[in-house]
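A short worksheet on the structure shown next.
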Amino acid sequence: MGSCFTPRVAEILGYYQGQNPGVLTNLARLLTHGRLGGTGKLVILPVDQGFEHGPGRSFAPNPAGYDPRYHVKLAIEAGCNAYAAPLGFIEAIAAEYAGQIPLILKLNNHDVLQDEKDPLGAVTSSVHSAIRLGCTAVGYTIYPGTAERRLQYTELSEIADEARDAGLPMVVWSYPRGGGLSKEGETALDVTAYAAQIAAQLGAHIIKVKLPSAHLEQAAAAKVYESAKVPRETLAERVEHVVQSSFDGRRIVIFSGGAMNTDRNALLDEARAIQAGGGFGSIMGRNVFQRPHDEAIALLSDVMSIYEGK
Amino acid sequence: MGSCFTPRVAEILGYYQGQNPGVLTNLARLLTHGRLGGTGKLVILPVDQGFEHGPGRSFAPNPAGYDPRYHVKLAIEAGCNAYAAPLGFIEAIAAEYAGQIPLILKLNNHDVLQDEKDPLGAVTSSVHSAIRLGCTAVGYTIYPGTAERRLQYTELSEIADEARDAGLPMVVWSYPRGGGLSKEGETALDVTAYAAQIAAQLGAHIIKVKLPSAHLEQAAAAKVYESAKVPRETLAERVEHVVQSSFDGRRIVIFSGGAMNTDRNALLDEARAIQAGGGFGSIMGRNVFQRPHDEAIALLSDVMSIYEGK
Amino acid sequence: MGSCFTPRVAEILGYYQGQNPGVLTNLARLLTHGRLGGTGKLVILPVDQGFEHGPGRSFAPNPAGYDPRYHVKLAIEAGCNAYAAPLGFIEAIAAEYAGQIPLILKLNNHDVLQDEKDPLGAVTSSVHSAIRLGCTAVGYTIYPGTAERRLQYTELSEIADEARDAGLPMVVWSYPRGGGLSKEGETALDVTAYAAQIAAQLGAHIIKVKLPSAHLEQAAAAKVYESAKVPRETLAERVEHVVQSSFDGRRIVIFSGGAMNTDRNALLDEARAIQAGGGFGSIMGRNVFQRPHDEAIALLSDVMSIYEGK
Amino acid sequence: MGSCFTPRVAEILGYYQGQNPGVLTNLARLLTHGRLGGTGKLVILPVDQGFEHGPGRSFAPNPAGYDPRYHVKLAIEAGCNAYAAPLGFIEAIAAEYAGQIPLILKLNNHDVLQDEKDPLGAVTSSVHSAIRLGCTAVGYTIYPGTAERRLQYTELSEIADEARDAGLPMVVWSYPRGGGLSKEGETALDVTAYAAQIAAQLGAHIIKVKLPSAHLEQAAAAKVYESAKVPRETLAERVEHVVQSSFDGRRIVIFSGGAMNTDRNALLDEARAIQAGGGFGSIMGRNVFQRPHDEAIALLSDVMSIYEGK
Amino acid sequence: MGSCFTPRVAEILGYYQGQNPGVLTNLARLLTHGRLGGTGKLVILPVDQGFEHGPGRSFAPNPAGYDPRYHVKLAIEAGCNAYAAPLGFIEAIAAEYAGQIPLILKLNNHDVLQDEKDPLGAVTSSVHSAIRLGCTAVGYTIYPGTAERRLQYTELSEIADEARDAGLPMVVWSYPRGGGLSKEGETALDVTAYAAQIAAQLGAHIIKVKLPSAHLEQAAAAKVYESAKVPRETLAERVEHVVQSSFDGRRIVIFSGGAMNTDRNALLDEARAIQAGGGFGSIMGRNVFQRPHDEAIALLSDVMSIYEGK
């Protein structure tokens, strides 16, 4: 903090006017930390795949990642703004790395040991634990489109009340899923924009969505998108629409790609589109920690260079 | 405590840096008690089968076990690190044997009076009772793979918060079950490793899983295991993978066999594989208390000799 | 108390070592009151059928029983150890008969206005009311075998924590029921023993089950009962097995017959079997209060004579 | 309880109509226990002198009394209605003697290590502890006449609220003291009657005062006593006046002598006067436990014979 | 625990029957730890002088003692049963030395920055902190004889209720002080015995007093001591009387000398007298930590040899 508190950071904090100073302070910590500190851009390393996909699928490609210390060290070395993980991974490193990087505690998680069309994560930790572990924010994943999404919205709403009182910003992962959506529809532009809006309306301070495709899933939406000629040809245009859909850019929205993408050029092109479209940055997990250490560092460095406008 | 506080115990406590000193102290009590005190290995006697399977099935083979005093005396005589049981069995002996062996109160239990594909245990006691009874840790069973597992994860998460504040380590029994898993899949290597990882991410200080088979249950996992050539031919290799999947060996993982196994040589081979694979020890219930007293003591002695490296 | 505090009472209290002196004192009150005071045997009059079956079914056979005073007077006159009932019946007599007989407040009840395979009682009163009403113990009914039994186990666990802190013993009625059990299975020997064990593990100080039949319900249990040759031909043998299944006789277990049984000889034979099998006594409701007053007194007197060993 | 529940006990309970059944039940327990059970008379053994006067002064004359078990055994053997003591002495025996005699926990105590004209005891235990220890009543000492007595009245009032909710009768020791009273005045008839009235008005269920002398301390009172010709020549007449001053005999009032009185005949004369004057009994401490064991038992026996009207 | 759980430890735990198993377990931990583990004797190192007397007075004689780690290491090296200190010193070492020695958290402290005849300590920590820090017991100092001692007794009573519920034994330092006592009277035999009795009556599980002189302070007591011929010539006789005054030896009483005593032989003579008089051990602070390290270790070793009966 301090020297990185730029006019751009002040401007972004201004979007959250009325939040208590605790929330503002922690948002500022995220925006002023790391190599991108002060730029208004964020690159966050999240590692929840051990829970979400299982340890073998997640860490066997780069076995160093079985050790919880590997990831936080990687994030620190690369100069990320923050490191996000479930309780176990955070607890395993919070004392040893206290004060070296902002931590985001993922408060719900979902495993894939049961085959489900409509996933419904479990609350796996608490605001209380986030406080005792010195976290800077808490995270929660919603699955808009699932049958029981209302349970999640309500749960998020209650956790957000508690988090705000504790001065902790809410980071909301918003992943459209569920029996009613086609596979392609999960990343459709209209659906992604809708998912971002729902997160913002639920009080998210930071929204995380997947990069949208040009597909339009819902007929009623498609009709309007087409009549209003919402540009959606390029990825940058689609990013711009999602940012617009998140309170006209007055909420921080960050993007992830989808599956492990071996082509680093494709990943850099995504970052360029996010930058061009006015996105606030990237959240990169598997594409980082499943790469060998030095490749991962190099990749993150190149992504950050893009967000620095270099 | 005291003379059994070896460098290896200190090293293991180091994995839990940042936990409050109450949790560290009780972990140390488990690691320094009994014949294996100081070795970093644990052999724990759990007796919850009266609740889980019924008294006749559990104790008729060795009727001395109907008396709650039998088991704790057996554990003390054999030099186990701890004795684990549901409320009733613990209450029945806690005053008479106070200070003679660490006690682990199992906080949830499940009976088999209803035929269920997706078991969901009941909370049967509390952290409050663990404290008044002088317990050293609390235990909780999750069934990853069941339809309602998220209720269990959340319940565990809440109990774990309370237990940690009370300085009590959480021991998590993680048993994959449920309609989506084949019978063979319940002890598949990928599923067992996943179950261990979930327990660790939920904040377990000690994880208890079944010994894994070489089977791979989930297609997406199998693909990675095979491409990454994760060794799984021998039981020792499989133990090693589960230990690795538990934060690269930075969480205590102990193993049980499955059904009552009359062949003591097979049981000793299992212990040898756990030792060779870097496991932290065994939790042995039916195979101990359903044997005649002297056989049980002899078996535990031989198992402990293996963990002593003899 | 006092002259009825015999060595046998002291021996039974010894089974509960570690319980607080409040619980021990109230257990002693139950064991030293009435005609059987000091023998270690109990005969308890419970009247919850008004709630459980409706007033007409319960009291029309002997209309004196509509009056709540009838039952407590009957219990006092007969020299019972205690009188058990739901809140309304207890409140209606607690002041007028204060100090004349120990009272047990039933904390949950279930009506039959809905036809249910899997009954789930309601909490109908509180430990707080038990204290203000001068009760000596509280009661709770579980239905092992029902789909939602885990809700009951957890509720009981929470109430038991509160009751123990208030020095009130828990009396647990354990009635196997539910869709997975055959009608015959509800009183099968293996199932009854299992139900007693569950109550004991949940922390019951006094367990109440139905007299078991020789039937074995669960295949896995039947295999063990037969290979271990658990005697079950006579009722006394079956009582002995249930007592053994209740911590080897270190928890008080009392028995009820089932339906209203007009044949008093059959009832006396049941008491003889309970006595021969080492049971701690009887809980007799309908068979008492639905009989004309003098017959009821005479029946209870004969039952008590059996428990006195006469 | 039970056979000792006489019409006289019912009559006395009738004085307390409107108290909750818990309080009535515990009053009945005091009135039906021991040799005097059912007579409406009480002889209580209190041992708080270890705290109030110091252990040497209290127990050196009969060193068996250093052991907390001595006193409760003495009270049981003699057939007292209850045993009263501070927390330490009650805790030391409550489990071992649970159910053998009603216990009264003295909730405040005062030592004599500071020379004070106006003593002000300390709260040394709680209603919570009385419940967990299985006590039948709680006790509290007030010093009417002291400068800060209002602090005590208020403290008693708050404890009494809590005790009543817990079904525990309040026994109030009412000892006039303080700078404004002459030494003789502390046991003056008018002052003793006044002290009893204050205790009754504060909600005491049982009042304990010293035997009054014929002296009248307060001029305004003396004028009325003389004009109204209140009889006060004999001790029995004075007892009668104190009983009358305690709601016309509708509150239980028991009496103590003062200092250790070696003359057993004088003590028996006091009991005869209490009996003749309609007092409810005696509370005898030092005069009992400082005597050799057999003398103490004989003395209590003779006192009880007097209360039995023999 | 374990091998040090001797019949003598079981006998001492028997004095505390009725305490919850949590308290019994922690008492056992104190009695089975260190070189004296299992003997029934204790040597405890307390370091609260930094607060009580100031750091310069306390640590300048041996400046190594400014470092909080010095003391706990000394206690571990010497094989003490426990180490006692205020919050700051405990917090500074609890994680690093977790599991190596039982810790006692002093819950109140008093500084000497104000010149007071009647000291009244401040509560400086909580049962909650004791639990999170993994402490085995909590300590509290009372000053019987001071004008406001009743405030301390009540505070101790409330803390003791909370500590017992949390399974933590209360260690009570009982130091007679205050305007009413002569300087000599503070360690008079009658006053010391009285102080021990008060602590025991307030529910102390372990009592700490100073070694008494032969002086008798209070006239009323002196009369009884002389008429009852209480032996008090030798220090061993006086220790014996204090032990007797602590529930006839059924509460653990340990002794400290007074001021820093450079003569090690005098200190060893004190230990011999404690041993001869049946005391439970020593609590040695300044005489240990103000000596050079090796001298301190040697002194503690010689004291422990005395308690081992060598």
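State yes or no: is C:PRO176 open to solvent by less than 30 Å² (accessible area, probe 1.4 Å) and more than 7 Å from every other protein chain (Cβ to nearest Cβ)?
no
Given the structure, is E:ILE159 over 24 Å from B:LEU133 (Cβ atoms), away from chain B (no Cβ under 14 Å) and touching a strand residue (DSSP E or B) at 6+ places or on another chain (Cβ under 7 Å)?
no
Report every pair of residues separated by at least 6 positions or lying on different chains whose Cβ atoms are under 6 Å apart, first residue within the stretch A:58-79 and farther than 15 Å from A:ALA95 by Cα, second surrounded by fewer than 22 Cβ atoms within 10 Å (Cβ to Cβ) and hydroxyl-bearing (Ser, Thr, Tyr).
Cβ pairs passing all conditions: A:ALA64/A:TYR70.
Can you list residue pairs whose Cβ atoms sit under 7 Å apart, with the first residue in the stretch E:88-102 being of a type in the set (S, T, N, Q) and the second being open to solvent by 10 Å² or more (accessible area, probe 1.4 Å) and assigned to a loop (DSSP other than H, G, I, E, B)? Count only pairs 6 or more apart in sequence or on different chains.
E:GLN100/B:MET1; E:GLN100/B:PHE5
Checking the condition surrounded by fewer than 18 Cβ atoms within 10 Å (Cβ to Cβ) and more than 23 Å from A:GLY145 (Cα to Cα), which residue from A:GLY249, A:GLY277 passes?
Residue meeting the stated conditions: A:GLY249.
Return the residues of the stretch A:16-55 that are open to solvent by 40 Å² or more (accessible area, probe 1.4 Å) and in contact (Cβ under 8 Å) with a residue 60 or more places away in the chain; say none if nothing qualifies.
A:GLN19, A:ASN20, A:PRO21, A:THR25, A:ARG29, A:HIS33, A:ARG35, A:THR39
Let's see how each residue does on (1) of a type in the set (A, V, I, L, M); (2) part of a helix (DSSP H, G or I); (3) under 17 Å from D:LEU36 (Cβ atoms):
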site: D:GLU237; (1), (2), (3): no, yes, no
site: D:GLU240; (1), (2), (3): no, yes, no
site: D:VAL253; (1), (2), (3): yes, no, yes
site: D:GLN275; (1), (2), (3): no, yes, yes
site: D:SER282; (1), (2), (3): no, no, yes
site: D:ALA296; (1), (2), (3): yes, yes, yes
site: D:MET304; (1), (2), (3): yes, yes, yes
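Would you check which residues across the stretch B:192-211 are over 17 Å from A:ILE90 (Cα atoms) and either facing chain A (nearest Cβ under 10 Å) or buried (at least 24 other Cβ atoms within 10 Å of the Cβ) (or both) and list them?
Within the stretch B:192-211, B:THR192, B:ALA193, B:TYR194, B:ALA195, B:ILE207, B:LYS208, B:VAL209 meet the criteria.
Could you list all residues from the stretch A:121-156 that are over 24 Å from A:PRO169 (Cβ atoms) and within 12 Å of chain B (Cβ to nearest Cβ)?
Hit for the stretch A:121-156 is A:GLU148, nothing else.
Over 15 Å from C:LEU45 (Cβ atoms), surrounded by fewer than 23 Cβ atoms within 10 Å (Cβ to Cβ) and small (Gly, Ala, Ser): which single residue out of C:GLY79, C:GLY134, C:GLY99, C:GLY88 fits that description?
The conditions single out C:GLY88.
Condition first: more than 19 Å from the chain's Cα centre (by Cα), small (Gly, Ala, Ser) and modelled with pLDDT under 95. Now tell me which residues in the stretch E:1-60 satisfy that.
Scanning the stretch E:1-60 gives E:GLY2, E:SER3, E:GLY18, E:GLY54, E:GLY56, E:ALA60.
Among the residues of the stretch E:185-210, write down those that are among the small types (Gly, Ala, Ser), over 15 Å from the mean Cα position of the chain (by Cα) and closer than 12 Å to E:ARG238 by Cα.
Selection gives E:ALA188 alone.
Report yes if B:ALA82 is in contact with a Pro (Cβ under 6 Å, 6 or more places away or on another chain), within 12 Å of chain E (Cβ to nearest Cβ), of a type in the set (Gly, Ala, Ser) and closer than 28 Å to B:ASP161 by Cα, otherwise no.
Here the answer is yes, as B:ALA82 does meet what is asked.
Run down B:GLY37, B:GLY79, B:GLY22 and say which single residue is touching a Lys or Arg at 6+ places or on another chain (Cβ under 7 Å) and closer than 19 Å to B:TYR307 by Cα.
Just one listed residue meets the conditions, B:GLY79.
Please go through the stretch B:109-119 and pick out each residue that is facing another protein chain (nearest Cβ under 7 Å) and open to solvent by 30 Å² or more (accessible area, probe 1.4 Å).
B:GLN114, B:ASP115 - these are the residues of the stretch B:109-119 that are facing another protein chain (nearest Cβ under 7 Å) and open to solvent by 30 Å² or more (accessible area, probe 1.4 Å).
Could you grab the pairs with beta carbons closer than 8 Å, sequence gap of 6+ or different chains, first residue in the stretch C:270-296 and in contact (Cβ under 8 Å) with a residue 40 or more places away in the chain and hydroxyl-bearing (Ser, Thr, Tyr), second one open to solvent by 20 Å² or more (accessible area, probe 1.4 Å) and not in a strand (DSSP E or B)?
That search, which allows pairs on different chains as well, returns C:SER282/C:GLU270.
When you look at B:VAL9, is it assigned to a helix (DSSP H, G or I), surrounded by fewer than 24 Cβ atoms within 10 Å (Cβ to Cβ) and facing another protein chain (nearest Cβ under 9 Å), yes or no?
Spelling it out, B:VAL9 is indeed assigned to a helix (DSSP H, G or I), surrounded by fewer than 24 Cβ atoms within 10 Å (Cβ to Cβ) and facing another protein chain (nearest Cβ under 9 Å).
Look through E:LYS229, E:LYS223 and report the one residue that is free of Cβ contacts under 8 Å to residues at least 60 places away in the same chain, assigned to a loop (DSSP other than H, G, I, E, B), open to solvent by 50 Å² or more (accessible area, probe 1.4 Å) and within 11 Å of chain D (Cβ to nearest Cβ).
Answer to the selection: E:LYS229.
Taking interchain pairs and intrachain pairs at least six residues apart, which have beta carbon atoms under 6 angstrom, with the first residue in the stretch B:197-208 and free of Cβ contacts under 8 Å to residues at least 40 places away in the same chain and within 20 Å of A:ARG57 (Cα to Cα) and the second buried (at least 24 other Cβ atoms within 10 Å of the Cβ) and of a type in the set (Phe, Trp, Tyr)?
Final answer for the pair search is B:GLN201/A:PHE51.
Considering only the stretch B:162-178, I want to know if a residue exists there that is of a type in the set (Lys, Arg), modelled with pLDDT of 95 or more and over 17 Å from the mean Cα position of the chain (by Cα).
yes
Taking the stretch E:247-299 on its own, how many of its residues are among the hydroxyl-bearing types (Ser, Thr, Tyr) and more than 30 Å from D:ARG69 (Cα to Cα)?
Residues flagged as among the hydroxyl-bearing types (Ser, Thr, Tyr) and more than 30 Å from D:ARG69 (Cα to Cα) within the stretch E:247-299 amount to 1.
Inside the stretch B:37-71, can you point out the residues that are in a helix (DSSP H, G or I), more than 7 Å from every other protein chain (Cβ to nearest Cβ) and under 23 Å from B:VAL123 (Cβ atoms)?
B:GLN49, B:GLU52, B:SER58, B:HIS71
The values are calculated or read from the model by the stated rules, or taken from the named source; none is laboratory data. Being a predicted model, the structure only gives us computed values, none of them experimental. Don't worry about glycine lacking a Cβ; one is built from the backbone with ideal geometry, like all the others, and counts go over all protein chains shown. Calculation scope for accessible area: heavy atoms of the full protein, side chains included, ligands and nucleic acids excluded. Shrake-Rupley method; radii C 1.70, N 1.55, O 1.52, S 1.80 Å.
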